[in-house]
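Below: the structure, in structure tokens.
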Amino acid sequence: VQLQAYGGGLVQAGGSLRLSCAASGFIFDDYSIAWYRQAPGKEREFVAGISWRGGSTTYADSVKGRFTISRDNAKDMVFLQMNSLRPEDTAVYYCAASRTSIATMARDDYSYWGRGTELTVSS
């Protein structure tokens with residue numbers, strides 16, 4: 001099982017970036033997928049999640065209206081489009097897979113985690 005997040009980088013405040021997560025080694029369509037992030041000195045927090053067929057999405061209040069999660073089950077990929085970025089979005093971003101049909105915010109529901117990709121938003 002592998003989840004690989006990529007696409008992070010350095011962006012100015014107000015800018016946009018799209019993160020990608022490539023999955024392999026499990027039946028992708030049977031899993032909901034979420035993005036989490038962890039800023040220095042802080043706990044890992046839920047950012048956005050998408051159900052196994054893509055029909056349902058969930059967002060943390062801090063990113064609602066700015067971030068959009070999507071998935072391509074034909075390619076076993078999940079994306080996070082991030083707009084209007086803020087310095088407080090700076091973190092390492094992780095993708096995770098849960099056997100639940102709808103993405104939850106509970107970390108314990110996610111059995112597979114990938115290595116993160118780092119995003120830095122400069123002011």
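The values are calculated or read from the model by the stated rules, or taken from the named source; none is laboratory data. Because the structure is a prediction, the values reported are computed rather than measured. Glycine gets a Cβ as well: all are built from the backbone with ideal geometry, and neighbour counts include every protein chain shown. Note: accessible area is taken over every heavy atom of the protein model, side chains too, but ligands, DNA and RNA are not part of it. Shrake-Rupley method; radii C 1.70, N 1.55, O 1.52, S 1.80 Å.
So, in segment 43-52, of the ones that are in a loop (DSSP other than H, G, I, E, B), in contact (Cβ under 8 Å) with a residue 40 or more places away in the chain and of a type outside the set (Phe, Trp, Tyr), which residue ends up surrounded by the most Cβ atoms within 10 Å (Cβ to Cβ)? Break it down into steps so the answer makes sense when it comes.
Initial filter on segment 43-52 (in a loop (DSSP other than H, G, I, E, B)): 43-44, 51-52.
Filter once more, so that each one left must be in contact (Cβ under 8 Å) with a residue 40 or more places away in the chain: 44, 51-52.
The next check asks that each one be of a type outside the set (Phe, Trp, Tyr); those that pass are 44, 51.
On the way: Arg44: 16, Ser51: 18.
Looking at residues that are in a loop (DSSP other than H, G, I, E, B), in contact (Cβ under 8 Å) with a residue 40 or more places away in the chain and of a type outside the set (Phe, Trp, Tyr), I get Ser51.
Selection of segment 16-44 for residues being of a type in the set (A, V, I, L, M) and over 16 Å from Asp109 (Cα atoms) yields Leu17, Leu19, Ala22, Ala23, Ile27, Ala39.
Within the group Gly25, Gly14, Gly65, which residue is of a type in the set (Gly, Ala, Ser), free of Cβ contacts under 8 Å to residues at least 24 places away in the same chain and more than 11 Å from Tyr94 (Cα to Cα)? So that I can check it myself, show each step before the final result.
Details: Gly25 fails: free of Cβ contacts under 8 Å to residues at least 24 places away in the same chain; Gly14 fails: free of Cβ contacts under 8 Å to residues at least 24 places away in the same chain.
Going through Gly25, Gly14, Gly65 in turn, just one is of a type in the set (Gly, Ala, Ser), free of Cβ contacts under 8 Å to residues at least 24 places away in the same chain and more than 11 Å from Tyr94 (Cα to Cα): Gly65.
All of (1) under 17 Å from Thr104 (Cα atoms); (2) touching a strand residue (DSSP E or B) at 6+ places or on another chain (Cβ under 6 Å); (3) in contact (Cβ under 8 Å) with a residue 40 or more places away in the chain; (4) not basic (Lys, Arg) hold for Asp76 with one exception: (1).
Name the residues in segment 52-68 that are of a type outside the set (Phe, Trp, Tyr) and under 17 Å from Ala96 (Cα atoms), would you?
First, the residues of segment 52-68 that are of a type outside the set (Phe, Trp, Tyr): 53-58, 60-66, 68.
Hits for segment 52-68 are Arg53, Gly54, Ser56, Thr57, Thr58, Ala60, Thr68.
Look at (1) open to solvent by less than 30 Å² (accessible area, probe 1.4 Å); (2) in contact (Cβ under 8 Å) with a residue 24 or more places away in the chain; (3) within 17 Å of Gly7 (Cβ to Cβ) and you find that Arg115 fails only one, number (1). The set of residues in segment 55-99 that are over 11 Å from Trp35 (Cβ atoms), open to solvent by 10 Å² or more (accessible area, probe 1.4 Å), not polar (S, T, N, Q) and not in a strand (DSSP E or B) comprises Gly55, Asp61, Lys64, Gly65, Arg66, Ala74, Lys75, Asp76, Arg86, Pro87, Glu88, Arg99.
Among the residues of segment 76-95, is there at least one that is more than 13 Å from the chain's Cα centre (by Cα), closer than 20 Å to Gln2 by Cβ and modelled with pLDDT of 95 or more? Within segment 76-95, one or more residues are more than 13 Å from the chain's Cα centre (by Cα), closer than 20 Å to Gln2 by Cβ and modelled with pLDDT of 95 or more. The residue that is surrounded by the most Cβ atoms within 10 Å (Cβ to Cβ), counting only those in segment 33-42 that are touching a Lys or Arg at 6+ places or on another chain (Cβ under 8 Å) and within 11 Å of Cys95 (Cα to Cα), is Ile33.
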